[in-house]
Amino acid sequence: MIRRLFGLALFLAAFVSLAAEAPLTIGVLTHRPTEVVTARWQPLTVYLSRALGGREVRLKPAGYAELTELLDRQAIDFALTNPSHFIALRQRNPLTGALATMIVHDGDHSVNAYGGAIIVRRERADIRRLADLSDKRIVAVAPSSLGGYLAQRKELHEKGIALPRALHFVGEPQDKVVEAVLRGEADAGFVRSGVIEAMSRSGLLDGERLRVINAQNLPGFPHAVSTRLYPEWPFFALPHVEEDVVRRVTAALLLLADDPVFRSTLDRRGFGVAADCLPVENLLRSLCVCRPSKRRRRSHSPTSGCVTSPCW
Amino acid sequence: MPSPAPLPSRRALLAVLAGLTFAPWLIGCARPQRPLSVASHLWPGYLPMFLARDEGWLPPGIELRKTASPSESMHLIERGEVLAAALTLDEVLRLRAADVPLAVALVFNISSGADMVLGREAVRQLADLRGRRIGVEVSALGALMLAKTLTAAKLTPEDVVVVPLALDIQEKAWQAGQIDALVCFEPIAGTLLRQGAHLLFDSRALPNLILDVLAIRPEAAIEYDEALRALIAGHFRALAHLHTHPQDAGYRLAVHLGGDGGKALDAFRGLILPDATANRRLLAGSSPELLRAAREISTVMVGHRLLPAPAQLAGLIRADYLPKS
């Protein structure tokens, strides 16, 4: 009997050890084309693998729907997405809080915030102000996009301007929004700050063909922006990941800037201390935006007249 | 022959007389012709007021007048060229002692490390100040910080060389080596610290002693009731934005602070920024905390001959412009 129990214990220990060494997968939102996202974040998997003593780390670029589904199935271990998507996902899954917040390095500036840009073709003299958008055709990436939809919607809401009726979501990546505006299929487009600059830098766009309206005066902010700024993308873990692994990954992310080999490999990206998502929660609350819960309980808010799930 | 005009009835006559009786009050209630002008230099604690203006959270009829220094703000409110000014509490007490009947309507911030004394290479600790040249603005705050620093260093004014320096030439004097130590605050303090200056003393050693407040003249209290409420409400709205939306607020404040917006919030280190609730605790109730601070400052100032006599504190506080809880 004792020999049997001992054998079972050995089997379980071997199984646990094997499971502990199973590859870890990081899901990353593909706000840009998959190949761009992969090229940008692949070095992070090598860096984290080294920090975890050689454990394999994989990258899984995914759009909004796929990333949401991967989290629902707990098919990934960590994720990096925009903060409004993170908050929506947190309503459906018991995630950790943000472990670290992405930082974007651009020239002498390192920023842990971003906003939305409203772009039009340069020659469109009829679109100068936010109010000019009300009867125009708008393209945006997706309803969950913070920099590519919600930030602009909030800006219009604050100025008392109705969201244009002719609003069309084209899906990821955000490059599609830029292309639709350039082709004249839309009068204006919503993209996150930095997309125009990144596309121009990589030769995908002649930045002179576009103009950003409602441009904000934000000294030191390296990108054209039309809205308020919000905290950058959070990096977070799913609940099944061992606490020790979460701790070691968090430490490695925060020490990335000190690593002489990897600090310059992530296409101007890095990580800093986790920023508070409160500004984004406030935005979602003010716009009555919330994803339906798994049980699809819904309530009607008598004060705002909009339908929200009971998440706050 | 035309009939004589009928005499007004007794009721109509009473109405006319009643109108005459209230005429001065009605004139007093008329909308003020000039805007409520507020003098302020660019101290971080005052900047939420400027953010409120930039964001359109202040109504028309409020004018923020940027000054180069606290001394300029004091001159403007003393002469009545502005009706309100952002000043330190000791500056308010000094003006009241000079018969400028100011009241405090708001506490912008409490200094808790933001006011500093910095030393150059060879001046690493307070004792090193003996025989050194110390630059200081000719102001109540400068004098107060210098006096407290010398007390902490167990030195007398005769043990050092005091170099009067206006705010706008302090950094230049430091770079030119004309002084060995400097009484200063942000943004100059941050710049010099980044260049290797040594922190010798700061306002953490003087809890609740250096408060920045909105001082108002009596005319403002009478004629600009609504504008004052709107100004203070706008300040609190901007303060809430700073607390709940720091990334955005930082870049917007950089318009006034200069430099990179990503670093703008560094300027608020060492400052406690009381919200409306904390302001009510400081200004309202039977025993407002500001009065206790004012008594203590007055004692310090009299002890260092910055005031001729203990400050008269009656009428110092006007808490009625704070938002209701």
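Can you compute the modelled spin-label distance between A:N93 and B:E63, with each label point 7 Å from Cα toward Cβ, in nm? Each label point lies 7 Å from its Cα, and together they span 5.8 nm. Counting alpha carbon pairs within less than 8 Å and at least 6 residues apart, what relative contact order, in whole percent, applies to the range B:103-240? Result for the range B:103-240 is 44 percent. Measuring r between the beta carbons of B:A314 and B:A278 and using R0 = 35 Å, the FRET efficiency lands at 0.90.
Taken as Cα centroids, the range B:77-100 and the range B:278-322 sit 14 Å apart, rounded to the nearest whole angstrom. Positive-end ranking of B:V117, A:V181, A:S226 along the dipole of the protein assembly as shown, with charges on Cβ about the Cα centre, is headed by A:V181. Cα centroids of the range B:182-215 and the range A:34-69: 46 Å apart. Shown for the range A:113-213: the carbon plus sulfur share of the solvent-accessible area, taken with all protein chains present and a 1.4 angstrom probe, equals 48%.
Each residue, B:V302 and B:D159, gets one label point 7 Å from its Cα in the Cβ direction; the gap between the two is 2.6 nm. Relative contact order for chain A: 23 percent, from Cα pairs under 8 Å spaced at least 6 residues apart, divided by residue count.
When the Cα convex hull of the range A:113-213 is projected onto planes of every orientation, the mean area is 5.9 nm².
With helices as the sole contributors, chain A gives -10000 deg cm²/dmol at 222 nm; each DSSP H run of n ≥ 4 counts as -39500 (n - 2.57), and the sum is divided by every residue.
Between the residues A:H168, A:S145, A:A131, the greatest Cα displacement towards the positive end of the dipole of the range A:113-213, with unit charges on the Cβ of Lys, Arg, Asp and Glu, is found for A:A131.
A Cβ-based charge dipole, computed about the Cα centre of the protein assembly as shown with Lys and Arg at +1 and Asp and Glu at -1, lands at about 1720 debye.
Assuming R0 = 35 Å, can you tell me the calculated FRET efficiency for the pair A:E123 and A:Q42, based on Cβ-Cβ distance, to the nearest 0.05?
0.35
If you take the accessible area of B alone plus A alone and subtract the pair, what total do you get in square angstrom, rounded to 100, with a 1.4 Å probe? Buried area between the two chains comes out at roughly 1300 Å². If R0 is taken as 51 Å, the Cβ-Cβ distance between A:R183 and A:E21 corresponds to a FRET efficiency of 0.55. With a cut-off of 12 Å on the backbone N, no residue of the range B:205-231 is near the modelled label site 7 Å out from B:A166 along Cα-Cβ. Subtracting the Cα-Cα distance of B:R204 and B:E219 from their residue separation scaled by 0.36 nm leaves 1.8 nm. Remark on A:K60: its backbone amide H falls under 5 Å from those of A:I26, A:G27, A:V28, a criterion applied only to residues 5 or more positions apart or on other chains, H modelled at 1.01 Å from N. Averaging Cα coordinates gives a centre for the range B:260-276 and one for the range A:128-173; these two points are 32 Å apart.
For chain A, a crude dipole built from +1 on the beta carbon of Lys and Arg and -1 on the beta carbon of Asp and Glu, taken about the Cα centre, is about 920 debye to the nearest 20. Among rounded, prolate and oblate, which fits the protein assembly as shown when a ≥ b ≥ c are the square roots of the eigenvalues of its C-alpha gyration tensor, a/c under 1.5 means rounded, and a/b larger than b/c means prolate? Cα axes put the protein assembly as shown in the oblate bin. In this simple spin-label model, placing a label point 7 Å from the Cα along the Cα-to-Cβ direction at both A:A131 and A:R73 gives a separation of 5.1 nm. In this structure, the residue pairs whose Cα-Cα separation is over 30 Å, taken from A:K159/B:K324; A:K60/A:K136; A:K159/B:K66, are A:K60/A:K136.
How large is the helix-only mean residue ellipticity at 222 nm for chain B, computed as the sum of -39500 (n - 2.57) over DSSP H runs with n ≥ 4, divided by its residue count, in deg cm²/dmol to the nearest 500?
-13000 deg cm²/dmol
If a/c stays under 1.5 just call it rounded; otherwise compare a/b with b/c (prolate if a/b is bigger, oblate if not). Do that for the range A:20-72, with a ≥ b ≥ c from the square roots of the Cα gyration tensor eigenvalues. Because a/c hits 1.5 or more and a/b fails to exceed b/c, the range A:20-72 counts as oblate.
The values are calculated or read from the model by the stated rules, or taken from the named source; none is laboratory data. Model, not experiment: these values are computed from the prediction. Note that each Cβ is placed from the backbone with ideal geometry, even for glycine, and that neighbours are counted across all protein chains shown. Heads up: the accessible areas ignore ligands, DNA and RNA and are worked out on the full protein's heavy atoms, side chains in. Shrake-Rupley method; radii C 1.70, N 1.55, O 1.52, S 1.80 Å.
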